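Scroll down for the structure; my scribbles are underneath it.
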Amino acid sequence: MAPRSKLMSAQERLSEQLQLLSQFKYSDLDMPYAGVGQHSNKATRSLDTKDIIRILDTIAVALTTGVAGDVYAAAFDTRGRLTLVLAKNERSTADDDRAVRHLCSLIISPQTSAARDVFPFLFARCRANIQKRIAKMEAVVKGFSVGIDEVLKDYKPKSIDEELPLSTDYRALRYGDKRDEVSVPQMIRDLLEVIKVTVDLFNSLDQSTSQDDVHGTFSAIVFSALVLKRSRLLRSLCEFQGFIHRGRTLEAERLKRRLAKVCQYSEGIDDLIFYAKHYFPAGIPHCWVGPIEGTGETTVQLYGGYIGAMKRALNNVTPSQKTLHAPRGRFPEMGEEWNRSSSIKTRVHAEIRILLHLDTPFDENSGHSQQQPIGCSKRSCLCCTLWIWAYNKKHGTNWLTSGSHGKPDSAWALPGPYAHAWMKDGQSEVDEAVIDGVQERLTQTIDLLFPMQRRLSDEHRSSGSELGGSDSDGEKVAKERNQNLASDANRVWANISGKLKRH
Ligand SMILES: [Zn+2]
């Protein structure tokens, strides 16, 4: 088979398998065989890389509108004049380019001193994404609030400064003279309520609301979310420091991540402003990664419904009646969803576009072992993670993104025969590692979901420095940064004091 047609048939099979995994709700976080806590590489990133990846993640997020599939990645090209390299899952547009120019000039402007000054830009471009993140955070806060009394009953709090670091302004605002009398459990309960009530207010704002009020309400959400995010209780639950509520670790990790995603529009932007003013006071040139030839980008048509796909995934063993019945019970939408998404437009994901653009083949001076960060507007998917791992292993490089959500995306395109791919039988060995990794995960998933079928198939066969970041900030930096948030929060909460006092 010619290499191109081989790539296309591999792409079709991969998209079909990813679609099955996706409909089985597979993710490395939720499946029982997945290692919890392995989805972020925070612990293994060096200090410099950690700062840079935070900045790059924030740039990618500040460009993300919230339209489905609107995913960005960013990296610094340090090979000549320092340049910001950007990529998108879809083709970049003139509007995207205007947004980068606007953002880059805004963050170094003398009139810009804090994230609050960038809110008008962010709400004009990213409002849908901000709303999405708030909604997801709200859902997790609600879930976390259920049974919180049980957790607090067993919790042994330390001093208020250890429990709720950098919260002096918040406590002064919420409790005034009584700030030293409120217990830690009471403050945690109040915080959860304050976030919920402020989000309710945010959701009730409409077209008639002034932009300043919208931004102010968002500040109030961030002001309270930051206190909860830094809390020792949340940290203890995430790290499971001998604390008995082990079952809540996953939930606490999810809450911390959701809080951080909302706060990124304030904390992350504050860091970005600091970094840009310090390192690029005269601005920074940027470029977009253009189209890449010869990849698996195409439109895949899935034929034969999900039963045919399951049969192929099961090594052409016809699924038993019991196996066919199971997805109908467990995933009742499956047939309908499969038909709705039978035409899949595959795209090389943004982080891989950047890696291919920046990595020079066999460059002796490229410092291969050095960590090379790529920022993303969302955590990397299952295939990007598998591909980057395989690429690093094959080429001795150290490319990394800030983490993976471990979910399959059927629209993921094989990068194919890029310039220095090691080829085996006409196929890139790095691509092959993804194909094998997905096949392995699909087999494991089917085994877990349909144990009876496994037996059938087996028989048949016998014939995968934070830059002034908040956690390490002094109270002084936190106070400076909190000023805008606190004054907004004060105004917002004064208007809804009746609702807040009831809790
Ligand atoms: Zn991806």
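Just so it is clear, none of the values below were taken in a lab; they were calculated from the coordinates. For clarity, every value in this text was computed on a predicted model and none was experimentally measured. Heads up, the Cβs are rebuilt from the backbone with ideal geometry, glycines too, and the neighbour counts pull from every protein chain shown.
Just to confirm a number: summing +1 for Lys and Arg and -1 for Asp and Glu over residues other than residue 219 whose beta-carbon lies under 13 angstrom from that of residue 219, what do you get? Spell out each step's value before the answer.
Values: positive: 116, 481, 491; negative: 117, 169, 212, 213, 267, 270, 488.
Within the 13 Å Cβ shell, the charges total -4.
Give the peptides 4-17, 276-289 in descending order of average Cβ contacts within 10 Å, highest first. Walk me through the intermediate numbers first.
On the way: 4-17: 18.7, 276-289: 14.1.
Going from most to least packed, we get 4-17, 276-289.
Listed highest first by mean packing, meaning other Cβ atoms within 10 Å per residue, what order do 390-397, 217-224 come in? Present the calculation step by step, with values, prior to reporting the outcome.
On the way: 390-397: 16.5, 217-224: 26.6.
The densest-packed peptide leads the list: 217-224, 390-397.
Would you work out if the stretch 211-316 is rounded, prolate or oblate? Take a ≥ b ≥ c from the square roots of the eigenvalues of the alpha-carbon gyration tensor; rounded if a/c is under 1.5, else prolate when a/b is larger than b/c, oblate otherwise.
Details: a/c = 2.49, a/b = 1.26, b/c = 1.98.
Here the stretch 211-316 falls in the oblate category.
With labels modelled as points extended 7 Å from the Cα through the Cβ direction, what inter-label distance (nm, one decimal) is found for residue 90 paired with residue 135?
Reported label-point gap for residue 90 and residue 135 is 1.8 nm.
If the convex hull of the alpha-carbon atoms of the stretch 294-350 is projected onto planes in all directions, what is the mean projected area in square nanometres?
Numbers: hull surface 21.2 nm².
Taking the Cα atoms of the stretch 294-350, their convex hull projects to 5.3 nm² on average.
For a quick check of your reading of the filter: which GluC sites (Glu not before Pro) in the stretch 267-334 sit in a DSSP loop and have no more than 14 other Cβ atoms within 10 Å? It would help to have the intermediate numbers written out before the result.
On the way: sites: 267, 293, 297, 333; in loops: 293, 297, 333.
Listed in order of number, the matching sites are 293, 333.
If packing is taken as the mean number of other Cβ atoms within 10 Å per residue, what is the order of 197-207, 402-412, highest first? Show your work: numbers first, answer last.
On the way: 197-207: 15.2, 402-412: 21.9.
Highest to lowest by the protection proxy: 402-412, 197-207.
In debye, nearest 20: dipole of the stretch 151-259 around its Cα centre with unit charges on the Cβ of K, R (+) and D, E (-)? All intermediate terms of the calculation are to be shown ahead of the outcome.
On the way: 19 positive and 17 negative charges, 128 e Å.
That gives a dipole near 620 debye.
Go through the stretch 126-186 and name the GluC sites (Glu not before Pro) that are in a DSSP coil and have 11 or fewer other Cβ atoms within 10 Å of their Cβ.
181
How long are the semi-axes of the equivalent ellipsoid of the stretch 48-199, taking √(5λ) for every eigenvalue λ of the Cα gyration tensor, in whole Å from largest down? Provide the component values of the computation, followed by the final result.
Details: eigenvalues 291, 71, 52 Å².
Square roots of five times the eigenvalues give 38, 19, 16 Å.
How big is the stretch 119-191 by Rg and Dmax over its Cα atoms, in Å?
Rg then Dmax for the stretch 119-191, in Å: 16.1, 45.
On a full-extension model of 0.36 nm per residue, what is the gain between residue 316 and residue 178, subtracting their alpha-carbon distance, rounded to one decimal in nm?
Details: separation 138, 0.36 × 138 = 49.68 nm, distance 7.01 nm.
Full extension of this stretch gives 42.7 nm more.
Which length gain, in nm to one decimal place, applies between residue 210 and residue 337 when the Cα-Cα distance is subtracted from 0.36 nm times their residue separation? The partial results should precede the final answer.
Numbers: separation 127, 0.36 × 127 = 45.72 nm, distance 4.01 nm.
Stretched out fully, the residue 210 to residue 337 stretch lengthens by 41.7 nm.
To the nearest 0.05, what FRET efficiency results for residue 189 and residue 5 with a Förster distance of 60 Å applied to their C-beta separation? Working shown, then result.
Working: r = 62 Å, r/R0 = 1.03.
The computed FRET efficiency comes out at 0.45.
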